[in-house]
Structure formats: C-alpha cells, structure tokens
2 protein chains.
Amino acid sequence: MLKVVILGSGNIASHLLPAIHQSGVATVIQQYSRSLKKHPINKLGIPVTNDLNALKPADLYVVCVSDDAIQEVTEQITPNTGLVVHTSGSAPLSAIASKHKKGVFYPLQTFSKSFPVNIKSVPICLEAETEDELNKLDTLAKAISEHVHYINSEQRQALHLAAVFVNNFVNHLYHIAFEICVDNKVPFTILEPLIEETAKKALQLGPYQAQTGPAKRFDNKTIQKHVEALKFISQKEIYNLLTHSIQETYGRKKL
Amino acid sequence: MLKVVILGSGNIASHLLPAIHQSGVATVIQQYSRSLKKHPINKLGIPVTNDLNALKPADLYVVCVSDDAIQEVTEQITPNTGLVVHTSGSAPLSAIASKHKKGVFYPLQTFSKSFPVNIKSVPICLEAETEDELNKLDTLAKAISEHVHYINSEQRQALHLAAVFVNNFVNHLYHIAFEICVDNKVPFTILEPLIEETAKKALQLGPYQAQTGPAKRFDNKTIQKHVEALKFISQKEIYNLLTHSIQETYGRKKL
C-alpha cells in the first residue's frame, strides 16, 4: 500500500483525498491544511496538521494548493524518498521545489466541494521524471479512474487552456442564457435538451461540423434583433465578438 | 387524422416531416420544396411540389423556411380552412400572412440533416390565436414530443436568443478548444468527460453556482499565461472578454 500525504483542503483535495484513500492501492496517512483550526482529524479519521514541518514520511505527497503556492509549500517539505506531485493543469513540473522527485497528477475536471463527481470518469493526466515514478502514479491513477493519460507539461497547459473554454467560458454562456430566461419569465430548464444535445453533437460530429445558427448562416436580421434585445453592454459585446468569430471561421466576410 | 403539408426542405423540415408523418395523429400529404428538380416524390413516398399554387387543401401547413421567406411563402398559400404555422424561434406570429389562421410550432433544438435527433426529447413551443387551434397543435406536438410548452412570441424570441448562447456560441467555444488540442497534438476527446460534466453541473446547481476557474478566482498569472499561449487575436479577444464578464458577474474589480 502506498502511503500518501495530501497537502491542501480546497476543491481538488476534497475530491482526491477520499478517492485515493478508497482506491485499494493507497492509504492517506495525513492531510496538511493551512486553515486548520481545532479539528486535528478529518471526516475520514485521517490526522490533519497545519505545520509543514510535521509532515510524516510517505511514498507520495499530493500537493493540491493554488499554483502560486506550489513552490513555497513544496520547498518546506523535508526531502525523503517520497515522490512529490502537484495537481495543477497550468503549473509546469518544475514548479515543485527542485530538491524533490517530481511528478504531476492532474485530474481534468471541474470540482466544487458541494457537487459530487464520479471520479471513475475523470481523466487523470500524469507526468513524471522516470519510468518507475510514472508507473507508481499510473497504478494509483488507474485504481481511481478509467481514463489515464501520459501528458507532458506543454500539452497539459494546452489542455488546461482548452478546458477553460469548454468549462469556465461555456458555463458563463449558460449563465447569460439563464439571465435572459429569468428576465423573460421562461424556465431555464426548457433549454436542458438543447444543452445536452449541443455537447453530444460536438463530440460526435466534431464542433466544426456541428455549428448552426444565425451567425453561421449570416442571418443579419436575426443577429441585429438579438443584439437589440440583450439588456447589458457586456452581453452585446460577447454576442458580437462570438458572431464575428464564427463568421471568420466559416470563411466569408461579415455582410 | 390531421392532413398536413410541409413547406421547406432544410434542416428543420428534414426532422419534422418524418416525425409528423409517423406521429399516429397526422399524415403528411404533400411537401413543398423550392429546389425540387426531378424527384416529385420524397423518401417517405410523399408527393413534392415546387409550385405554391399547387398546394393541396390541408388541416395544417407547417412552414419550415428561413425567417425572411415566411411572409412571402405564406402570402402565396391560398386561404382555406387550414391553420398555417411557422417553425421559427425568432419570427413573431405576425410574420405569417394576415389572411390565414396563424400559429407557431417551434422545435427548440439544433438540427443538422446528417445528425439524428431523438424528437421525443425536443421541446416544442406552441402559440396560436384561439384555444381550439392551440388544442389542435397540442395534440400533434404531444404525439411527437414529451416536452410541449405554450410560449408567446416575446418569450419565444428570448428563448431563441438564449438558445444561441447555449448552442451556437457554446459550440464555437468547443471549436476553439478543438483547435487548441489539434495545435498541441492532444486528442479533443480527453475533454469529453469535462464537457458532459459542465452541462450536468450547470443544470443541477445552476450556472451561477457552478462557475469555477482562473477568471472567477482572479488568478491573473494563469490568465496572462493563457492569453499569451493563444495563437489567434480573435481567440485572445474572446478569452479576455469572457474573463472580464465572469469577473464582473462575481462582483469584484479586475485586479
């Protein structure tokens, strides 16, 4: 059994910690939480510390802190035989203090503490410096998820950027649609089949083929009516910019 | 059995025609297609005409033409006892020539000829001028779909605008993510679980609660790195505008 220490107590830690602890191939022996107050034991009965000097010897340290804190936190881990991995899509492998054996264990998913995720379906992107270390991470990742990928730092950063578009930005467009529905007393849930179909169609046909709508067919009358109907300047700007970008993609000048 | 004539041969007609014909409550007796060449009978064995003066008497004329053509096409239908409906999200009821009994039969979904759609799950938004006519449309719609809504012209136009955000614009963001993946030799399909989870989470939590990512947490280091990594000016503009809009939504000034 792999002895694991989890560093962090945010969204990623809250999902990875139980998944690793229940993987059957690893035990979480300790959690580090900067914001620890009076609870030295977490929900799973695992000891929690707020002192980086009190970390236990372990085979694997999984660092689930913000990108900016990776260097500082890993600098304070006393070097031992354990492998130190971060869980960030954006930070390079070298963000981890150079004294350690280093790796990356990046779960490509949107995590909120309050929202359960089926971890089996979360792609886990791995990177390590040696084949042995990669194998160690691979064993753990495959015990947690059905989708394990070997991805280098550059590719992972590209994936993270792509993920911002398909998750953060897509969700913001859902939010704008939600506001339009509320303003016009139409339930947002009417859009549910369309939202699901949009995702399904892009994945099956590819998004280039799946595109439809007034922008693609240069229906300027509808476009103008839509821009006028939008309530906020920022919504109008987003409408115009995305319409323009779709029209560029389909290779005709805007009329 | 309702006798139905379908006018049009585009994406919507290609899905609505068989659905109506196989509904069990209606028979499509004729299709009008402007672009008819030498095939006076369609795939379902239904007679096709390209002459609006040759339309048969029917209970219902379902007009599946572009918004701009609704007025002109319906003007040429000889008035009889039949109800004339259009299928547009954006056009008002009054787009139909005033001499007719008028209605709307708007399927809120993304249709491509080549991509099968489970019509049972497509919301159908109905509008009519009398209760009798609404009942007639309701019977047909419920024989086709499990999601039938009564929606007035103003609400339907808002829904159509919201649909442009959750479908056309979301799909374009998928397209940008696809380009980023191709450029960096990462398979787009790695993003599949994230795309599905994003939709599911927004529908369950609501998009305001579901938002995560560098924009929302004002992680300017990551934002700057992302903008630099994007290849095209139009991608950078979209990234900046959506990031700014998310930051406005969550009520703090951009740092």
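The values are calculated or read from the model by the stated rules, or taken from the named source; none is laboratory data. Computed from a prediction, not measured in an experiment: that's the story for all the values here. A quick note on method: Cβ atoms are made from the backbone with ideal geometry, for glycine too, and the neighbour counts reach across all protein chains shown. These area figures cover heavy atoms from the full protein model, side chains too; ligands, DNA and RNA do not enter into them. Shrake-Rupley method; radii C 1.70, N 1.55, O 1.52, S 1.80 Å.
Computed quantities for the displayed model
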| quantity | calculated |
| --- | --- |
| Amide H within-cut-off set for A:S88, under 5 Å, with H built and near neighbours excluded | A:F105 |
| Farthest toward positive dipole pole in chain A [+1 Lys/Arg, -1 Asp/Glu at C-beta], among A:I233, A:V62, A:H100 | A:I233 |
| Per-residue average of Cβ from other chains inside 10 Å of B:63-74 | 1 |
| Three-way shape call for the stretch B:83-127 based on the alpha-carbon gyration tensor, with the a/c threshold at 1.5 | prolate |
| Note, ³J(HN,Hα) from phi for the stretch A:80-85, Karplus 6.51, -1.76, 1.60, rounded to Hz, x at Gly and Pro | 9, 7, x, 8, 10, 10 |
| Helical segments meeting 30 Å axial Cα length and Kyte-Doolittle -0.5 threshold in chain B (DSSP H) | none |
| Over the stretch B:36-109: Kirkwood hydrodynamic radius from C-alpha pairwise inverse distances, Å | 13.1 Å |
| The protein assembly as shown, accessible surface, carbon-and-sulfur percent (1.4 angstrom probe) | 52 percent |
| Residue-averaged beta-carbon neighbours from other chains (10 angstrom radius) around B:211-219 | 5 |
| Kirkwood estimate for the stretch B:44-198, i.e. one over the average of 1/r between Cα atoms, Å | 17.8 Å |
| Note, ³J(HN,Hα) from phi for the stretch B:209-217, Karplus 6.51, -1.76, 1.60, rounded to Hz, x at Gly and Pro | 6, 7, 5, 9, x, x, 5, 4, 8 |
| Relative contact order computed over the stretch A:1-143 (Cα-Cα under 8 Å; 6+ residues apart), in percent | 21 percent |
| Rg and Dmax [Cα atoms of the stretch B:159-255; Å; Rg one decimal, Dmax integer] | 14.1, 38 |
| Cα-centred dipole magnitude for chain A, charges only on beta-carbon of K, R (+1) and D, E (-1), debye, nearest 20 | 660 debye |
| Over the protein assembly as shown - Rg/Rh using Cα atoms and the Kirkwood inverse-distance radius | 1.07 |
| Exposure rank, largest accessible area first [A:R217, A:R156; 1.4 Å] | A:R217, A:R156 |
| Full-stretch length increase - A:E237, A:E75 - with 0.36 nm per residue and alpha-carbon distance subtracted | 53.9 nm |
| Normalised contact order of chain B, rounded percent, pairs of Cα under 8 Å and 6 or more residues apart | 12 percent |
| Rounded to the nearest 10 Å², the accessible area of B:M1 at probe 1.4 Å | 150 Å² |
| Residues with amide H under 5 Å from that of A:L83, placed H, sequence gap 5 or more | A:L60, A:Y61 |
| Solvent-accessible area of A:D183 with every protein chain in place, 1.4 Å probe, in Å² to the nearest 10 | 70 Å² |
| Cβ neighbours within 10 Å from other chains - mean over B:237-247 | 5 |
| Estimated 222 nm signal from helices in chain A, with DSSP H stretches of n ≥ 4 weighted -39500 (n - 2.57), rounded to 500 | -12500 deg cm²/dmol |
